[in-house]
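The values are calculated or read from the model by the stated rules, or taken from the named source; none is laboratory data. All values derive from a computational prediction rather than experimental measurement. Quick reminder, even Gly has a Cβ in these numbers, built from the backbone with ideal geometry, and neighbours come from all protein chains shown.
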Amino acid sequence: MKLNNKFLLKVLIFGLILLIASKILPLFNTQSAIINTSLIPQILFFVILIFFLVRGYITNRRETKSIPITNILLWLMIFVMLIIGYAFRFELESFKKRILAVIIPSYSWTNEQGELVIARNQDGHFYLDATTTDNHKIKFLIDTGATDIAITKNDAIKLGFNLSNLKYTKQYNTANGTSFAAPVRIKQLTIGKKTFYNLEAHISSGGLDISLLGMSLIGEFKNFKITNDLLIMHY
């Protein structure tokens, strides 16, 4: 069944134009004459939407004198789906991150609240990657029971330490007995969106399979918590 619904489509397009106008007006701060660039992506979204609606309207107008009601309903459905997708864009982004956290062990990301989120690994631990000044990647196991940062010899080399110059004078009591380590200071280490400086650490003389991230660095975050198999640390 075909009805003349061009008027309905025109009203839909006109409404979107008014919506764009309402978004454009706040772009300019009359007091400081500074453009609010944060609204530009929203305006582009609605402009693209209107483009496709107008294009569909023109195409249908060329092909037939009246627009089938099914076409109108289809465009309305597309419009509603796009609006819903845009309105819940942050929730959908978080949903995508949670899926990746299940697929990729120790997946981490920074959410819109400015928090570093790390998914629990299958072995029950939390891991993260840090970047050195030379862009080397170091994988750390997060250990809230450790006082400072424990580094393997291989990772010490990535950090630029000369192993032959180290003095293993610091004594540690572990489950496997007494061990010794060389106290050092890490000049710079980047985790997520934050760079840390002058970090207290020690290089293990042996028996350490992976570097440990202790409270000397974790304490640099504002706070941290574990919820739903996620370690959340606020920058």
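Things worth noting here:
- Residue check, Ile210 of a type in the set (A, V, I, L, M, F, W, C), out of contact with any helix residue (DSSP H, G or I) (no Cβ under 8 Å at 6 or more places or on another chain) and farther than 25 Å from Asn111 by Cβ: yes
- Here Ser164 clears all of (1) farther than 13 Å from Gly214 by Cα; (2) assigned to a loop (DSSP other than H, G, I, E, B) except the condition numbered (2).
- When we screen Gln113, Gln171, Gln122 for residues that are modelled with pLDDT under 90, outside any helix (DSSP H, G or I), within 16 Å of the chain's Cα centre (by Cα) and surrounded by fewer than 17 Cβ atoms within 10 Å (Cβ to Cβ), the only hit is Gln113.
- Hits in region 197-235 (condition: in a loop (DSSP other than H, G, I, E, B) and either more than 17 Å from Ile138 (Cα to Cα) or charged (D, E, K, R) (or both)): Ser205, Gly206, Gly207, Asp209, Gly219, Glu220, Phe221, Lys222, Asn228, Asp229, Tyr235
Listed here are the residues, each with its yes/no results for (1) of a type outside the set (D, E, K, R); (2) in the same structural domain as His202 (by TED's automatic domain parsing); (3) in contact with a helix residue (DSSP H, G or I) (Cβ under 9 Å, 6 or more places away or on another chain).
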site	(1), (2), (3)
Asp134	no, yes, yes
Leu141	yes, yes, no
Thr144	yes, yes, yes
Asp148	no, yes, yes
Lys153	no, yes, yes
Gln171	yes, yes, no
